[in-house]
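The block underneath contains the structure these notes are about, expressed in structure tokens.
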Amino acid sequence: MPTLLEQPPSGSVIGPEPPASATLGAQIDFVTGFLRRRYLPILLGLLLSLPFGALYLYFAPATYTASSVMMVEPRKTPFEPVLGSNAVPDAVWIESQNVALKSLNVASYVVKQLRLADDPEFVRSGVGWGVAPLDKLLFRLGWGEDPEPKSEPERVGAAITALNNGLNIQRVGQSYMMRINFHSQNKEQATRISNAMIDGYIFDQLNAKYQANRRASDWMQERLQALREQASAAERAVVDFKAKNNIVTLTAGGALMNEKELSETSGGLVSARVHTSDVQMRLERIEAVRKAYQQDRPNPGEYDETVSEAMSSTIITTLRTKYLDLMNREADWSARYGKNHTAVVNLRNQIRDIRRSIGDELGRIEQQFKSEYELAKKREEELDKSLGKLVSQSTETNQAQITLFSLDAAAKSYRKLYDNFLQRHTESVQQQTYPVTEARQISAAFVKQTGPKTALVAMGTIVAGAMIGVGFAAFREIMDRKFRTREQVQSVLATECLALVPVLADSGRKRIFSKPQPLALESRREAQLAVNRREGRRSICFTPKIMQTIIDAPACAYAEAIRSIKLTLDMNSQAKIIGLTSCLPSEGKSTLAVAMATLIAQSGARVILVDCDVRHCSISRLLAPNASTGLLDVVAGTIDLANAVWTDATTQLEFLPVGGSVANATELLASKATKSLFDTLQIKYDYVIVDLAPLVANMDVRATSGFIDSYLLVIEWGSTKIDAVQYALRHAPGVQANIAGVILNKVDMAAMGRYDSHGAHYYYGQPRPTSSVN
């Protein structure tokens, strides 16, 4: 079993708290119990906060809010081609414009235009009412700094800060509109500022566009100069390369001279070859015809007919006409006069001469064709040589043209880039002062009173009061270092709580004790008293109220609690000598001792009640006020046990008072004689109930550790502090080692429901009030 030194420190929170693994229902019960226990501090906090809220509403000045609406339109302007801003505005862009509205540039513009740096409302140290006077008072007392700014930058900075504090910008739904709200105590000033914010934003946007275009123009100017130099260098490289490699272009399109010459020479060569072939064929034909005439073939005309030159010659045509005429005449005359006729022979001679003449003319034509053929052949050879030379030059030119193409492409790229930048630079210069912006005012500012808000102040007052009350209640809960529940006993003292004994209220005494006792019970008591007198035994003549309660109302909540203590001891322990003690006096241990003894005796068991509180023998004064001898005398050996015991006539409860006053009473309790006496009592009786001194008199209780089997620690519910119990048990190790359990006494069962969320207090119902002996 862990000792008290191993328990939670005294500073830990004591009170009913749910375990770490508690269910939601247990946590709700815990919170409900806390509110039931501490509702008075919470109500007190609420009541105290209400006057402050009312005073604030009474003295707080009225505040006004001016609202204007501005649209930020995503329009396209001439700036966009220059700056490359073609993106469609999105939510991020709108939020960026929202932040731009709160920028220092816009605020500075408004402060400058409206001269807010000269307005005391904007240059004082505090925005809310009552702050500036307090700062001034503290400054005059020598605490803090001067709240009023002196220099111009300080006043402007203070005005900008105050302006931003009163400014609230909201986006209207999912549109491109923004609502600009400004809060102030001056409605005219709030209106001017709300409208001036839009003007300041538009001015800032125009200025930003101008500066951006100016910077772009400057950059483009520098870039144009560099591009111009690069384009010139690239074009110069093309010209130099062409000159070096003899590359000549005919047109701006880039066609090369050698390519044209090669094409023309190739075409001329083909034409020359065709012409030579044609001339050669004609020459061969004319040679065949001429040979036919020279060989005097009978019919050579069939050859010259195929020669176009012979057919086109007038001489040959004339000779052929004569030839044909002579041939016809020779045939006619031969038929008439015979072949050998002189006229016929003359005609034949003429025909022969004409043929010779035609042959001579064909020979002249042949010589002409031969000359033409030689010329065509020579031209063909010259064109062939020229073509070979041009092909060789073209091969070299084509190799150089690869490099020329790269140089020419670079030159064209630089020229195109230069032209593009030149065009954009021209547009940028033209549009630097173009007065266009994305923003425009939709509605002018309108003013409405927005403060103080009664409902909001009331709610804030209630919340603040509730927080203060809950905080004070929590503080009281933490500082409540007293035993309230069984769980506290088990967690702090590491022992079992045997019972919750209810408090007996005084208001119920008359109802309980005014009831007349049964006649049979009174008769039996009188008879037992007579028997005790005859046998010489001492009788308890006065029955205390607690004993009367146990006897008359055995089913009441108090008697049930005492009965549960007895049953728990019977089941969990075989101890017969049971000592009842408490941490402090007046916790009800003596009352419980009498009640336990009475209950056990009423059940028929043999029980003796021993008063061992040698300093304050309250039981002895109550049950045997006339007793002159008792426990101390028996231990000292001056009297027998039988002569010191008192008996109750009703329950047969036997009682051993303390006896006479002895100087060394503590030593006697620790003696072997006392141990021997209690050994005898343990044999003779079924139960020995011992009323001990409180633990504050620790020597008296420690002296009983030699003969007490088990201790019952009585703790007054809601009164005894936990630290006191822990301290007392730490200095009484014998009691701590043999403690059988704890009894929470004087429990207010009605208030117990605020601490015990498990509802164990409902088992007994409403407790019946009766008296108690403390």
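Here are the numbers:
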| quantity | calculated |
| --- | --- |
| Criterion: modelled with pLDDT of 90 or more and within 18 Å of Ser590 (Cβ to Cβ) - qualifying residue of Ile739, Ile743, Ile683 | Ile743 |
| Tally, over segment 173-186, of residues that are open to solvent by 10 Å² or more (accessible area, probe 1.4 Å) and over 18 Å from Val69 (Cβ atoms) | 2 |
| One residue from Thr650, Thr680, Thr666, Thr674 being closer than 16 Å to Val607 by Cα and surrounded by 16 or more Cβ atoms within 10 Å (Cβ to Cβ) | Thr650 |
| Long-range neighbours under 7 Å by Cβ, at least six apart or interchain, first residue among the charged types (D, E, K, R) within segment 485-506, second assigned to a helix (DSSP H, G or I) | Glu496/Gln490 |
| Among the residues listed as Leu622, Leu599, Leu609, Leu592, the single one being of a type in the set (A, V, I, L, M, F, W, C) and modelled with pLDDT under 90 | Leu622 |
| Conditions (1) surrounded by 21 or more Cβ atoms within 10 Å (Cβ to Cβ); (2) touching a strand residue (DSSP E or B) at 6+ places or on another chain (Cβ under 8 Å); (3) of a type outside the set (Asp, Glu): number failed by Leu632 | (2) |
| Residue match in segment 195-209 (condition: of a type in the set (Val, Ile, Thr) and at pLDDT below 85) | no |
| Segments classed as helices (runs of 4 or more DSSP H), wholly inside segment 543-604, with at least 1 members that are open to solvent by 10 Å² or more (accessible area, probe 1.4 Å) and acidic (Asp, Glu) | 545-552, 557-572 |
| Residue match in segment 503-520 (condition: within 60 Å of the chain's Cα centre (by Cα), closer than 22 Å to Met752 by Cα, assigned to a helix (DSSP H, G or I) and modelled with pLDDT of 80 or more) | no |
| Residues satisfying the stated conditions in segment 693-728, i.e. part of a loop (DSSP other than H, G, I, E, B) and closer than 26 Å to Glu487 by Cα | Pro694, Leu695, Val696, Asp709, Trp717, Gly718, Ser719, Thr720 |
| Selection status of Lys672, in contact with a Lys or Arg (Cβ under 9 Å, 6 or more places away or on another chain) and basic (Lys, Arg) | no |
| Tally of residues being in contact with a Ser or Thr (Cβ under 7 Å, 6 or more places away or on another chain) and open to solvent by 10 Å² or more (accessible area, probe 1.4 Å) across segment 708-725 | 2 |
| Subset of segment 210-225 [open to solvent by 70 Å² or more (accessible area, probe 1.4 Å) and either free of Cβ contacts under 8 Å to residues at least 24 places away in the same chain or not charged (D, E, K, R) (or both)] | Tyr210, Arg215, Asp218, Trp219, Gln221, Glu222, Gln225 |
| Gly338, sole failed condition from (1) touching a residue at least 60 places away in the same chain (Cβ under 8 Å); (2) open to solvent by less than 50 Å² (accessible area, probe 1.4 Å); (3) more than 60 Å from the chain's Cα centre (by Cα) | (1) |
| Residues satisfying the stated conditions in segment 634-660, i.e. among the small types (Gly, Ala, Ser) and in contact (Cβ under 8 Å) with a residue 12 or more places away in the chain | Ala636, Gly637, Ala644, Ala649, Gly659, Gly660 |
| Where Gly359 falls short, out of the listed (1) surrounded by 13 or more Cβ atoms within 10 Å (Cβ to Cβ); (2) farther than 26 Å from Gln280 by Cβ | (2) |
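Condition check ((1) of a type in the set (S, T, N, Q); (2) modelled with pLDDT of 75 or more; (3) assigned to a helix (DSSP H, G or I); (4) open to solvent by 70 Å² or more (accessible area, probe 1.4 Å)) across all residues:
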{"site": "Gln189", "(1), (2), (3), (4)": "yes, yes, yes, no"}
{"site": "Leu227", "(1), (2), (3), (4)": "no, yes, yes, no"}
{"site": "Asp240", "(1), (2), (3), (4)": "no, yes, yes, yes"}
{"site": "Gly254", "(1), (2), (3), (4)": "no, no, no, no"}
{"site": "His275", "(1), (2), (3), (4)": "no, yes, yes, yes"}
{"site": "Met281", "(1), (2), (3), (4)": "no, yes, yes, yes"}
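The values are calculated or read from the model by the stated rules, or taken from the named source; none is laboratory data. Predicted, not measured: the structure shown is a model, and the values here were computed from it. Note: ideal-geometry Cβ built from the backbone for every residue, glycine included; neighbour counts use all protein chains shown. Side chains are part of the model used for accessible areas, which takes the heavy atoms of the whole protein and leaves out ligands, DNA and RNA. Shrake-Rupley method; radii C 1.70, N 1.55, O 1.52, S 1.80 Å.
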